[in-house]
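The values are calculated or read from the model by the stated rules, or taken from the named source; none is laboratory data. Since the structure is predicted, the reported quantities are computational estimates derived from the model, not experimental observations. Cβ sites come from the backbone with ideal geometry, for glycine too, and all protein chains shown count toward neighbours. Accessible surface areas use protein heavy atoms only, side chains included; no ligands, DNA or RNA. Shrake-Rupley method; radii C 1.70, N 1.55, O 1.52, S 1.80 Å.
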Amino acid sequence: MVTTLTEQVLSKLPNGALSGLRSVDQRWSDYKSGNISTPTVVHQSTEPLERVDWDVVICGGTLGILLGAALAQQGWRVALLERGVLQGRDQEWNISRRELNVFLDLGLLTSAELERAIATEYNPARIAFHGGLEFWVKDVLNVGVDPKYLLATLKAKFLAAGGQLFEQTAFQGATVHANGVQVKAGNGFTTRLLIDAMGHFSPIAQQARQGRSPDAVCLVVGTCARGFPANNTGDLFASITPIQNHCQYFWEAFPARDGRTTYLFTYLDADPARPSLEDLFDDYLRLLPDYQRVTLDQLDIVRALFGFFPCYRQSPLQMPWNRLLAVGDSSGSQSPLSFGGFGAMIRHLERLTFGIQEALQADCLSRADLALLQPYQPNLAVTWLFQQSMSVQVDQSPSPQQINTLLSNVFEQMYQLGDPVLKPFLQDVVQFSGLTRTLMQTTRHHPATVTQVVPQVGPLALLEWMFHYANLGLYTGLNGLGCTVQPWVSRLSPAQQYVAHRWLEAWRYGSGGDYLMPTP
């Protein structure tokens, strides 16, 4: 029987790598066929609860522990539910060092603990496009965080602050009452606020989305392996091929503590004609030797990496119930250009911590109140056009080099405009000034490239983008205004302060004003 290259490689790995890939592939197949599960796990009742034992119950421990530890240290009664054992995986989380300062600002880690949490650090990182531009940047996604140490340390801080962890306790359902939420899990919990941190495929988020197909998907495969030639550089965004199979393939590579991690990813929709993860893994293994100048026989593959990440235009997700809030991947608060929500969670951790604290203090826990904690962000909305310009519909036949040429020309202008334009964009922060300057420069120097985007993405997508682009400019102006009205907010009632602070944050984060360039 003829086996695929993926079967040959993954069948030799421990922990059921091949069966794991095929299990995820089955879910991806369901998404392509429109067979998306719509569970009914949240119910509502007009009867009040007799007692409410917790201020906050968080479902989902991997990213939930970040928020749980911060809230517990603020003195709130927090229960964290984890369906398995709360422990980090071996795979490092890549992020920029300056983003990790939030752990120091919130008092979650000491400087020594933060340094110990950093497993790897490298410089520089490359951006390169097939047949086009290549350049290098420093200090962007160049830090690999050890999830095992980070989560173990935050778990200890959480418990020391009075939080309670319930492992092997899977979420089964919830009933929203007038004065709290009854959570069906383990022996049962009652709480003022239920936070969903269970990820993209959370049953709560699935119910809220009502079986809606994703507007886009990022398909990702990769490995962590030993045996590569010595290389202390990385790739942030690279392509080595033209468009093939209606996909433009992109690569990332990072030095890791136990080898080198390489990813192949592509942006697409959930059309039934799209490739399977196993097909993509075959292409990954076929192209990897050329990409990293190594033969597969030289590599000792430690683990396989694979997944698909659905993205929705209606994001961040605002729950249709009182007293429920989605955070992290459950909320879809990351850019459609990104996969994995660790970076997005870190970016919003301080905002969410103090926002939830104010909501609890002022009892602002209605659906409308909590929607202010996951507001519309035009600097994320504008990236949908970028994602579409890097994907190809199955009924389109653009020039094989169209996407590479477009990206090469755009990044050339950003690179020439310097770090204040380039670095925020590389960390999923789009700012009005940088975006406008990039568009003007690209249109001036490469007008033909810009006009080719219109038929690829369609006029409706372009009109929608112009709306978000205008709002990005508006939010930038409002963020500047917000600094002047901030002193007046303290004169308001607690409930009014909660609302005012959420709008000020929406303008700040929605304009990318939360990003500060590091001082030299």
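Some notes on this structure:
- On inspection, Asp283 fails the criterion of being out of contact with any Lys or Arg (no Cβ under 8 Å at 6 or more places or on another chain), open to solvent by 30 Å² or more (accessible area, probe 1.4 Å) and among the acidic types (Asp, Glu).
- Residues of the stretch 174-201 classified as in contact with a strand residue (DSSP E or B) (Cβ under 7 Å, 6 or more places away or on another chain), among the hydrophobic types (A, V, I, L, M, F, W, C) and not in a strand (DSSP E or B), total: 3
- Breaking point among (1) open to solvent by 10 Å² or more (accessible area, probe 1.4 Å); (2) at pLDDT 95 or above; (3) under 30 Å from Val217 (Cβ atoms), for Leu49: (3)
- Residue count for the stretch 481-520, restricted to those that are within 19 Å of Asn379 (Cβ to Cβ) and either among the acidic types (Asp, Glu) or in a loop (DSSP other than H, G, I, E, B) (or both): 8
- Any chance Ala170 is part of a strand (DSSP E or B) and either closer than 20 Å to Cys224 by Cα or open to solvent by less than 50 Å² (accessible area, probe 1.4 Å) (or both): no
- Taken residue by residue, the stretch 43-65 has no member that is under 30 Å from Arg274 (Cα atoms) and in a strand (DSSP E or B).
- Hits in the stretch 428-451 - residues which are under 23 Å from Arg313 (Cβ atoms) and open to solvent by 60 Å² or more (accessible area, probe 1.4 Å): Phe432, Leu439
- The set of residues from the stretch 173-187 being farther than 19 Å from Ala205 by Cβ and of a type in the set (Gly, Ala, Ser) comprises Ala178, Gly180, Gly186.
- Of all residues in the stretch 266-276, at least one satisfies being farther than 20 Å from Ser408 by Cβ, surrounded by fewer than 21 Cβ atoms within 10 Å (Cβ to Cβ), among the polar types (S, T, N, Q) and within 23 Å of the chain's Cα centre (by Cα).
- Matching entry among Val485, Val499, Val489, Val454 (being modelled with pLDDT of 95 or more and more than 25 Å from the chain's Cα centre (by Cα)): Val499
- In the stretch 64-90, the residues that are surrounded by fewer than 23 Cβ atoms within 10 Å (Cβ to Cβ) and β-branched (Val, Ile, Thr): Val85
- One residue from Trp54, Trp93 being in contact (Cβ under 8 Å) with a residue 60 or more places away in the chain, closer than 30 Å to Asp269 by Cβ and buried (at least 17 other Cβ atoms within 10 Å of the Cβ): Trp93
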